1. What nm distance separates the two modelled labels at residue 70 and residue 106, each placed 7 Å from Cα along Cα→Cβ?
2. Tell me, in nm to one decimal, what length is gained between residue 174 and residue 208 on full extension, where the rule is 0.36 nm per residue of separation less the Cα-Cα distance?
3. Could you give the nm distance between label points at residue 90 and residue 50, where each point is 7 Å from its Cα heading toward the beta carbon?
4. Please order 167, 83 by the number of other Cβ within 10 Å, starting at the fewest.
5. Starting from the Cα-Cα distance between residue 215 and residue 57, subtract it from 0.36 nm times their residue separation and give me the gain in nm to one decimal.
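Coordinate-derived values only; no laboratory data. Given the structure is predicted, the values throughout are model-derived calculations rather than measurements. Note: ideal-geometry Cβ built from the backbone for every residue, glycine included; neighbour counts use all protein chains shown.
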Amino acid sequence: PSYGTVHRSRVRARVLLTAPDAPTPGSLARRGWRNLLSAELPDAEVRVRAQPGEGPDLLVARTDRGGYLDAWLDVPLEPGWQTLYLSVGEDADVPAPVQVVDPAATHGIVSDIDDTVLVTMVPRPHLAAWNFLVRSEARRKPVPGMPELYGRLTATHPDAPVFYLSTGAWNTASALSRFLHRVGLPQGSLLLTDLGPTGAALMRSGREHKAATLRRLAEELPGLQWILVGDDGQHDPQVYETFAAE
């Protein structure tokens with residue numbers, strides 16, 4: 001989910017512990033609840049390179065207590081989707097896509113996920129829980145017409161960066177990326193959140209997560225006009241209206 005400009009990039013990743021013989025979690029038959037089972041690795045040293053297994057380290061940083069890496073890389077990159085390579089210890093390099101915004105871009109696209117591009121039924125908790133926890137990846141459906149709409153948007157604004165802003169958990173990032181690709185939605189940077197309490201509250205505020213992330217995008221990518229797409233199931237119109245007014 002990394003992104004940035006041609007001058008610097010925000011590198012984001014998460015380090016998890018897995019058994020050496022664990023199967024790769026990419027099966028479309030995998031049910032949603034399995035995405036919530038993970039063991040993060042805090043304070044892990046992550047090395048970032050431009051090429052797998054060779055060349056100097058562009059960045060060395062450590063994960064936080066949740067196993068997350070969120071660091072700035074001050075290295076020029078060409079516009080478009082680029083690839084960096086991340087490694088921990090002696091493990092093999094893992095490719096990490098980076099969305100580098102073209103300096104000529106005039107617009108950016110921010111999209112909600114649940115019930116905007118992915119049928120979840122959030123206003124109906126029992127159905128939402130079934131879709132999120134029980135349904136397999138292969139049975140998740142796009143909101144009708146949205147792949148076509150986004151295809152027209154990206155054709156009209158071919159340089160526009162795409163961001164998927166959601167209150168969904170980071171544990172679902174890989175499954176969401178596969179879903180977007182499978183149904184023909186444009187590739188974009190995922191901006192998700194985490195489950196559970198914060199240091200200041202028992203429950204995380206999805207509304208505040210979206211508002212704060214939009215403000216950060218506007219600061220990091222000044223000069224873009226934003227196309228905001230959402231639904232009324234999780235206060236998207238109010239969040240977007242406040243952001244536009246600011």
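1. With each label point 7 Å from Cα toward Cβ, the separation is 3.3 nm.
2. Values: separation 34, 0.36 × 34 = 12.24 nm, distance 2.37 nm.
Result for the pair: 9.9 nm of gain on full extension.
3. 2.9
4. With the fewest neighbours first, 167, 83 line up as 83, 167.
5. Details: separation 158, 0.36 × 158 = 56.88 nm, distance 3.11 nm.
Fully extending the segment from residue 215 to residue 57 adds 53.8 nm.
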